[in-house]
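To keep things clear, I will list the structure first and then write my remarks on it.
The values are calculated or read from the model by the stated rules, or taken from the named source; none is laboratory data. Since the structure is predicted, the reported quantities are computational estimates derived from the model, not experimental observations. Cβ: placed from backbone, ideal geometry, glycine included. Neighbour counts: every protein chain shown.
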Amino acid sequence: SHVTLFLFFKQTFWAEKFPYLYLFALNLLSLVQFWICQKKYTALRFIFIAWFAVISITGMIQFLSSENLPYLISAFFLGIIAFYYFFNKDDQLCASLMAAVLGVTATIWLVDGINQLFKDSNEFIFLLIAGIIFTWFALISYFLIKIFRQSRFYIIPLAIGAWLAGLALAAFTLVFWETISLIIGII
């Protein structure tokens, strides 16, 4: 299990001597478990999508805080493999969910890059971020429309992108309109 793997690396010298070996072992163990469960228990695919999302987002946050390439690889590795697997199985719902997970992971990287690029001008940064997030997820949905012609699930990444863009717009109105946005929200 993942807890056993974590405790093994925490209690031995492996975590200090080879810090990225745990990351590799975590990805490998998750991939093997995913492969075995897809053969016998296909209902667990949604649990694995959620677990891959956690690994992916955590890997991206660790990459942004330490700038180490293994974290970047870990952020996208399982998501790309799972997306490819679901695409080959023609499981459009799971492929759309994995595309959304990969989109959220890339969005974290994109937002950090925008913040680094425009760190001196904070006035309309949230508007720019909201526009880019919505456009990014619209492109992901367009990509899903192109690869899955008869799909109903291409809207999932677009909905997640609209929600994230709405969060950025809410942050913009809260930061720059202060109490007016709270009063408008109450009304």
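Out of the residues in the stretch 171-182 meeting the condition of being over 18 Å from ILE108 (Cβ atoms) and modelled with pLDDT of 65 or more, tell me which one is surrounded by the most Cβ atoms within 10 Å (Cβ to Cβ).
PHE172
Can you pull out the residues in the stretch 46-87 that are within 12 Å of LEU31 (Cα to Cα) and over 16 Å from the mean Cα position of the chain (by Cα)?
First, the residues of the stretch 46-87 that are within 12 Å of LEU31 (Cα to Cα): 48-49, 51-52, 55, 74, 77-82, 85.
Passing the criteria: only TYR85.
Condition (residue is out of contact with any Cys (no Cβ under 6 Å at 6 or more places or on another chain), closer than 25 Å to TYR20 by Cβ and surrounded by 14 or more Cβ atoms within 10 Å (Cβ to Cβ)) applied to the stretch 83-96: is it met by at least one residue?
yes
Would you say GLN62 is buried (at least 17 other Cβ atoms within 10 Å of the Cβ) and free of Cβ contacts under 8 Å to residues at least 24 places away in the same chain?
Numbers: buried (at least 17 other Cβ atoms within 10 Å of the Cβ): yes; free of Cβ contacts under 8 Å to residues at least 24 places away in the same chain: yes.
Taking the combined requirement at face value, the residue satisfies it.
For (1) under 17 Å from the mean Cα position of the chain (by Cα); (2) surrounded by fewer than 21 Cβ atoms within 10 Å (Cβ to Cβ), each residue gets a yes or a no:
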{"site": "GLY113", "(1), (2)": "yes, yes"}
{"site": "GLN116", "(1), (2)": "no, yes"}
{"site": "ILE125", "(1), (2)": "no, yes"}
{"site": "GLY131", "(1), (2)": "no, yes"}
{"site": "ILE140", "(1), (2)": "yes, no"}
{"site": "PHE148", "(1), (2)": "no, yes"}
{"site": "SER151", "(1), (2)": "no, yes"}
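Between LEU164, LEU158, LEU169, which is more than 22 Å from GLY59 (Cα to Cα), among the aliphatic types (A, V, I, L, M) and within 17 Å of the chain's Cα centre (by Cα)?
On the way: LEU164 fails: more than 22 Å from GLY59 (Cα to Cα); LEU169 fails: within 17 Å of the chain's Cα centre (by Cα).
Being more than 22 Å from GLY59 (Cα to Cα), among the aliphatic types (A, V, I, L, M) and within 17 Å of the chain's Cα centre (by Cα) holds for just one of LEU164, LEU158, LEU169, which is LEU158.
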